[in-house]
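Participant: Take a look at this one; I'll ask things after.
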Amino acid sequence: MDKKINIRSIDWEKIQTEKFIRTKRLRNIFTITAYIILTTWAIVSLLPMYWMFVCSFKHIGVSFSIEDIEFYPSNPTNENYINFLQLDAPPWISKRPVGRWFLNSLLIALLPTISNLIFDSMAGYALAKMRFPMKQAIFWAIVMTMMIPEIVILIPLYRMMFDFKWYNTYWALLFPGFAGVGGIFLFKQSIESLPTSIIEAARVDAASEPKIFFKIVLPLSKPILSVMGVFGFIGGWNSYFWPYLVTESNKLYTIQVGLTSLMGAGGGAGVTGTLTFGIDEYGQMLAGASMAAIPVIIIFFLLQKYIIQGITIGALKG
Amino acid sequence: MKVLKDRVYSEWFWAYVFLGVDIAWSSVFLFYPILKAFIFSFQNFTLENIGQPTFVGLTNYIKILTDTTGWWYSIKISILYTLGVVPVGVLLPLGLALLINPLSKKSQNFFKAAFYLPGVVSGVVVALVLRWIFYPEVGLINWILIKFGGQPQTWYANPDLALFTLILMSWIGSHGWGIILYSAALSRIPKSIYEAADIDAASSWIRFWKITWPLLRPVTLYVVIISIINSLQNFWGAFFITRGGPMRATEFVNWRIYTTFYMESNYSLASAQAVILMIIIAILSIINFKFFGKGVEY
């Protein structure tokens, strides 16, 4: 009989504590490993941007060799920026209009974004909260066109710019992007989650649809408006292919197209098939790239919240 | 009754007004070009016969589909690139998101920001910098290789390595998008499910395969589809770095379409190529939906 374990004699408390200590230790090991892996990957992921800024302050000449690599600029120089902006170029040289490039980038980042916010939110509201014939058909037409590769549309659109006599003008640069279907889907998803009862109540009170939209729906849609605004701006600032296709004179270049026109990859020189710039030009290219990257990096730091929110809209329900 | 009817019509009217601008604009700059692309693809529209392209039937399509050394070669390159990019582009974000998930909110936000930051910078800038990092003579990667006793490589200038170099660049490139998607999905899985597993003393391995992975399936589907679509169409590496070379090593599908369209000004052939690419992408998306697309509710 004495072989039987007396259940009361087991030190449950001791077992519990031991288990607790064990899991806690495991958890600590996990957390430390997680931090090490994540930090390593964060460094890998941020290294290119860091390297760009560092090298933009270094003298990179033809004699630059692999021994000259250092992780911080030991004698920083601003010559790359001066070269890129052609600040010390003699007056008789026709300079590249870098200021104009930034202005054009700002235009293409701001104007289509603003108009898209207005028109896409209106369309999104109609699809989310209004009843009308052909609603499903219109919605599916929009979703289907979103799946079509860009290049399918770009070829005829490019030819249309010639038919319209818009090639190499601001019209071609900005006008086609003023409204579209890209944002409708996300606006619809977001507006759908607003309570229908408020809108119905306003309808019962005989409020007109525009009034409902501007007084009720828009104020409640500030989060999605901010998200779409931020994404629109960044997308516009970074847009490359369309501005590259429809501009020829360098006064119309955006900063992105301007940069590649120096690379020999774009801006008319692309036919040669090779990149024409060598190591002695890399310094000013990196200076230009840094200047093109700074606005979006600043916006990212200021408006991170909206960017991180925005990525999940549309991908995850609810 | 009449009031009600008026109200219904008024709702119709305003719905069409609200949709009007977008639909009108898209008709001109989106729907019409799509239609035009199909029309182009059945014509012989090149720079030489602007204004009087003639109908040539399926000639362009037959020319493309029998072009083993051109079109199918490019398809092969793009598929190889996709096979190299997508698994890492799905598993790496998933792994990092799993590591981020148990951390404090503050650390989570820090890492998410660090991972996403490169994603906001333009493709031009990223390509320029990555080319500099992989520069054969003075690149950072070669410097690191030498420090660790390796042999410096010529990377994108080497026909055997060029495609791999572009894949490698995509691995370094931004995974922030996938990480943020996955960690949002992870944080939505109710704690109660894991607590139930704790009672059954399930190991973390089983917990992952039986709970986390199935519940993440919709996000995985989304990430996989978008990654496949994007990498099949990808050609920024070819455009900004290799120009399709060296020795045709990086002639992606979209690079081929771009050269046909822009350099050779053969709008019809390029449109037909684009249409075929569109069909391939549509088929792949449908297969993916069938494969992963079983609805998951939680």
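Values in this text are rule-based calculations from the coordinates and carry no lab data. Because the structure is predicted, anything quoted here is derived from the model rather than measured. For neighbour counting, all protein chains shown are included, and Cβ atoms are generated from backbone atoms with ideal geometry for every residue, glycine included.
Participant: Please name which of A:223, A:180, A:15 has its Cα lying farthest along the dipole of chain A towards the positive end, using unit charges on Cβ (Lys, Arg +1; Asp, Glu -1) and the Cα centre as origin.
Facilitator: A:15
Participant: Under 13 Å from the Cβ of residue B:76, count the other residues' Cβ atoms, weight Lys and Arg +1, Asp and Glu -1, and hand me the total. Don't skip to the end; give the middle numbers.
Facilitator: On the way: positive: B:248, B:256; negative: B:67, B:251.
Charge balance near residue B:76 sits at 0.
Participant: From the Cα gyration tensor of the stretch A:1-149, with a ≥ b ≥ c the square roots of its eigenvalues, which class applies: rounded if a/c is under 1.5, or else prolate if a/b is larger than b/c, or else oblate? Before the final figure, lay out the partial values.
Facilitator: Details: a/c = 4.81, a/b = 1.40, b/c = 3.43.
Oblate.
Participant: Quick one: which residues, 5 or more positions from residue B:56 or on another chain, have an amide H under 5 Å from its amide H? H modelled 1.01 Å from N in the peptide plane, none for Pro or chain starts.
Facilitator: B:43, B:44
Participant: Which log10 I(q)/I(0) values, to two decimals, does the stretch B:42-186 give at q = 0.17 Å⁻¹ under the Debye formula with one point per Cα?
Facilitator: Scattering profile of the stretch B:42-186, log10 relative to I(0): -1.04.
Participant: What list do you get for A:164, B:291 if you sort them by fewest beta carbons within 10 Å? Spell out each step's value before the answer.
Facilitator: Working: A:164 14, B:291 10.
Listing A:164, B:291 from fewest to most nearby Cβ atoms yields B:291, A:164.
Participant: Which pairs break 22 Å Cα to Cα here: A:14/B:105; A:19/B:210; A:129/A:211; A:24/A:305? Could you put the intermediate results ahead of the total?
Facilitator: On the way: A:14/B:105 33 Å; A:19/B:210 24 Å; A:129/A:211 14 Å; A:24/A:305 32 Å.
Those over the limit are A:14/B:105; A:19/B:210; A:24/A:305.
Participant: Which one of A:205, A:68, A:163 has the biggest mean-square fluctuation once chain A is modelled by GNM with Cα springs under 10 Å?
Facilitator: A:205
Participant: To the nearest 500 deg cm²/dmol, what mean residue ellipticity at 222 nm is calculated for chain A from DSSP H runs of n ≥ 4 alone, each contributing -39,500 (n - 2.57), summed and divided by the residues? Don't skip to the answer; put the middle values down first.
Facilitator: Values: 13 runs with 204 residues, N = 318.
Helix contribution divided over all residues of chain A: -21000 deg cm²/dmol.
Participant: Compute, for the protein assembly as shown, the length of the dipole vector about the Cα centre, with Cβ point charges of +1 (Lys, Arg) and -1 (Asp, Glu) only. Units Debye, rounded to 20.
Facilitator: 2000
Participant: Let me ask another. Report the relative contact order of the stretch B:67-292, percent, no decimals, based on alpha-carbon pairs under 8 angstrom and at least 6 residues apart. Walk me through the numbers before you get to the answer.
Facilitator: Details: 222 pairs, mean separation 64.7, N = 226.
After rounding, I find 29 percent.
Participant: Give, rounded to the nearest 20 debye, the magnitude of the charge dipole that chain B has about its Cα centre when Lys and Arg contribute +1 at Cβ and Asp and Glu contribute -1 at Cβ. If you can, show how the numbers build up before the last one.
Facilitator: Values: 21 positive and 13 negative charges, 116 e Å.
The dipole magnitude comes to about 560 debye.
Participant: Which of rounded, prolate or oblate describes chain A when judged by the alpha-carbon gyration tensor and an a/c cut-off of 1.5?
Facilitator: Values: a/c = 2.79, a/b = 1.18, b/c = 2.36.
In terms of gyration-tensor shape, oblate.
Participant: Over all Cα pairs of the protein assembly as shown, how is the pair count split among 20 Å bins, expressed in % and running from 0 up to the last occupied bin?
Facilitator: Pair shares across the bins are 16, 48, 28, 6, 1, 0.
Participant: Go through A:141, A:54, A:34 and say which Cα lies farthest out towards the positive end of the charge dipole of the stretch A:10-146; charges sit on Cβ, +1 for Lys and Arg, -1 for Asp and Glu.
Facilitator: Checking the options against the dipole of the stretch A:10-146, the answer is A:141.
Participant: State the volume of the convex hull built on the alpha-carbon positions of chain B, expressed per residue in Å³ and rounded to an integer. Spell out each step's value before the answer.
Facilitator: Details: hull volume 70.8 nm³, N = 298.
Cα convex hull per residue, to the nearest whole number: 238 Å³.
Participant: Among B:124, B:157, B:50, whose Cα lies farthest out toward the positive end of the dipole of chain B, if unit charges sit on the beta carbon of Lys, Arg (+1) and Asp, Glu (-1)?
Facilitator: Looking along the dipole axis, the top candidate is B:124.
Participant: Only counting other Cβ atoms within 10 Å, I'd like B:28, A:230, A:257 sorted with the fewest neighbours first.
Facilitator: Numbers: B:28 16, A:230 23, A:257 26.
In order of increasing Cβ crowding within 10 Å: B:28, A:230, A:257.
Participant: I want the local charge near residue A:262. Using Cβ-Cβ distances under 15 Å, sum +1 for each Lys or Arg and -1 for each Asp or Glu among the other residues.
Facilitator: Around residue A:262, the charge tally is +2.
Participant: To the nearest whole number, what is the average tally of beta carbon atoms from other chains within 10 Å of the beta carbons of peptide B:8-16?
Facilitator: Details: counts 2, 1, 3, 7, 6, 2, 10, 14, 6.
Per residue, the average neighbour count from other chains is 6.
Participant: Based on other C-beta atoms within 10 Å, arrange A:263, A:134, A:160 from fewest to most. Intermediate values should be presented prior to the final figure.
Facilitator: Values: A:263 24, A:134 12, A:160 18.
In order of increasing Cβ crowding within 10 Å: A:134, A:160, A:263.
Participant: Another question, then. Can you list the HN-Hα couplings for the stretch B:209-215, worked out from phi with the Karplus curve (6.51, -1.76, 1.60; θ = phi - 60°), rounded to whole Hz and with x for Gly and Pro?
Facilitator: 6, 8, 10, 5, 4, x, 6
Participant: Looking only at other chains, what is the average number of their beta-carbon atoms within 10 angstrom of each beta-carbon in A:155-166?
Facilitator: Details: counts 17, 14, 8, 4, 9, 5, 0, 1, 1, 1, 0, 0.
Rounded to a whole number, the mean comes out at 5.
Participant: Sticking with this structure for a sec: So how long is each side of the stretch B:144-298 along the principal axes, counting just the alpha-carbon atoms, biggest first, in Å?
Facilitator: Sorted largest first, the three principal extents are 66, 49, 20 Å.
Participant: Next up: Going through the DSSP H helices of chain B, which span 27 Å or more along their own axis at the Cα atoms while scoring at least -0.5 as a mean Kyte-Doolittle hydropathy?
Facilitator: Answer set is B:2-26, B:71-100, B:267-292.
Participant: Here is a further query. Would you calculate the separation in nanometres between label points at residue A:28 and residue B:291, each defined as 7 Å from the Cα along the Cα-to-beta-carbon direction?
Facilitator: With each label point 7 Å from Cα toward Cβ, the separation is 4.4 nm.
Participant: Compute the signed sum of charges (Lys and Arg +1, Asp and Glu -1) over the other residues within less than 12 Å, Cβ to Cβ, of residue B:269.
Facilitator: Values: positive: B:63, B:256; negative: B:67, B:264.
Summing Lys and Arg as +1 and Asp and Glu as -1 gives 0.
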